[in-house]
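Reading through the structure tokens given below for one structure.
What follows is calculated from the coordinates using simple rules that are stated; it is not laboratory data. Quick caveat: nothing in here was measured; it's all calculated off a predicted structure. Glycine also receives a Cβ, built like all others from the backbone with ideal geometry; neighbour counts cover every protein chain displayed.
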Amino acid sequence: METVMKMRFKSCFFFLVMVCSGKLFAEDKPCDLPHIESGKIAQYYYNFKSYYFPMRKEKKLSYSCMAGYTTETGTQDGRITCTAKGWSPVPQCYKKCNKPVLENGFFYGTEMYFKIHEKLQYKCNPGYHTPSGGTEDTVQCRPEGWSSQPSCAKKFEITCTSLSAIARGGFYPVKEIYEEGDVVHFFCEENYSVSEFDLIQCYYFGWHPDPPVCEDVKNKCPPPPLPPHAHITTVKRTHHNGDKVRIQCQSTFEVRGSEEIWCEKGKWSSPPICIGTMDKQASEAPPSLEADAAIRASKTYHNEDTKMQQDCTSPPVIKNSVLFGPLLTSYKNGSSVEYGCQRYHFLDGPSTVYCEQGNWTEQPTCLEPCTLNVTDMNSNNIELKWRQEELIFLHGDLIEFECKQGYNFVQTTIPSPGRTQCSHGKLKYPKCIMQAPAEKCDSPPSIENGALTLPPLTWYDSGSSVQYSCSDYHFLQGSERIYCSEGQWTSPPVCIEPCTLSKNEMEKNNVLLQGFYENQIYFYHGDYVGFYCKQNHFGAESGTTLFQVQCKRGQLTYPRCVERGK
């Protein structure tokens, strides 16, 4: 019996040891050989896989990405740690972003390859814009490629068609085609008025608001009469024959009469009045003896209130204005008058003023127009961009000038140097100066290890450009395109020679080429080349066995490995 118990104990002990050993083994060595697409670890790990893997926790491993790829942080090499959940961070190699093609613009900087998360800024040539509508933009290199494709599209400033003539009126300036931002002013003949807004503007989507029409003033009413303690539910700029308006009293007042009034032949129907609660009680219910004194006091109060409501004298005279409606010597409290401006004058402020306890509310002003002076235009060497008969512009109007032939604007850095605005009757004229004759350029310079993409000409006009390309495996540094400016070419690019792999240097330094560089002899300037030490060798200086060396201007600095124990 004792022997059986001993055998059972030994069996259980062996089983527990095996289970525990297996558990410890699994926890201690959870990380297998990592698979890194477009990347690799040292060759000897592959050669002796069964010896090194699975790896224990906390063990670290270095890996490198092949040429043209980087880690997520943008480096050529990465380092990972074995954890209970596997390798951390997960080893990955991302393809570098090549400099994209850009027409009608240029990039800042001369780099040809970009790491993950790196940004590239570009600017469009004059007359072109980025997808967002600006002149500059930035794109970012991401794992899936560039965040967006850099592009420079031609600006389409012409967005609005010509305007049709309007009956009993006109508009200015008159053009066949209008550009974005242009403002057009409408006017009407005597006894006619503009239906809505007299100014419209050209936007990228067209005209806004819609062009108005000229209506007979008899079919147009002034602002509706507003009794005391009342307000209008809907507000419109203009009111025409047949329009209706609803008037509402304040919360402590009730309406007496029709709430709705209408415009008919230039006049409004009679408006209602707003009566307080006490007034309504006095008019609808017979007073009781107890309330008689209160009602008498209320009547006395309202009589005194009526006496306090003072009338207004004639409305004030405003320079260059027109008063609509009859001019009276006295106006009752709460009444109103409407002002307009003489032709070409701009109304600034409320068009309707009200009589309040003997005083008129805030009055508008009529701002003077700008009249172009031909003498000033000639002295500044400018003329109107769009021909028109009248040389008068309203306050706020934008006026477009252009230089006379043979002249250029003094300020060319601002977007529209020929555009100015009429302000309170005054105008600041842009100035043009005589342009210097554009100098031509002779044949563009030749470069070492590179050539022009097209045969050169003898002479080039200012603004012309030529393009270069480098010989095979040579790295183009600088702008591939140069421009002729005032008789001089901009700086040409440089073609940097590649690095040529030397088997003798590799043998001499006891290093081997990583697998994915096999059959590659030439490397571009800036490219990385992967080496590792021969078996039983390690780096003489660093002690590591895996190396990444960058090609710099045709030169490779080979790592040196020595045999273990030496």
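So if I take the centroid of the Cα atoms in the range 425-442 and the same for the range 106-146, what is the distance between those two points in Å?
32
Considering all alpha-carbon pairs of the range 36-81, what whole percent are spaced by more than 15 angstrom?
Tail of the P(r) past 15 Å holds 48 percent of the pairs.
Considering only DSSP states other than H, G, I, E and B, which chymotrypsin sites (Phe, Trp or Tyr not before Pro) in the range 125-226 qualify as loop sites with at most 13 other Cβ atoms within 10 Å?
Loop-located and lightly packed - Phe156, Tyr204, Phe205.
What are the aspartates and glutamates whose alpha-carbon lies under 13 Å from the alpha-carbon of Lys220, with same-chain residues fewer than 8 places away excluded?
Here the aspartates and glutamates satisfying the reach criterion relative to Lys220 are Glu196, Asp243, Glu264, Glu338.
Taking amide H atoms as placed 1.01 Å from N in the peptide plane, list the residues 5 or more away in sequence, or in a different chain, whose amide H sits under 5 Å from that of Glu264.
Gly242, Ser269
Taking 26 Å as the cut-off for C-alpha to C-alpha distance, list the pairs among Lys154/Lys428; Lys96/Lys154; Lys508/Lys552; Lys319/Lys428; Lys123/Lys428 that go past it.
Lys154/Lys428; Lys96/Lys154; Lys123/Lys428
Going Cα to Cα from Lys332, which aspartates and glutamates come in below 19 Å? Please leave out same-chain ones fewer than 8 positions away.
The qualifying aspartates and glutamates are Glu304, Asp305, Asp311, Glu356, Glu362.
What translational diffusion coefficient, to the nearest whole µm²/s, does the range 501-566 have by Stokes-Einstein, given a Kirkwood radius computed over alpha-carbon pairs, a temperature of 37 °C and 0.692 mPa s viscosity?
This corresponds to a translational diffusion coefficient of 272 µm²/s.
Mind listing which GluC sites (Glu not before Pro) in the range 93-149 are in a DSSP loop and have 12 or fewer other Cβ atoms within 10 Å?
Loop-located and lightly packed - Glu103, Glu144.
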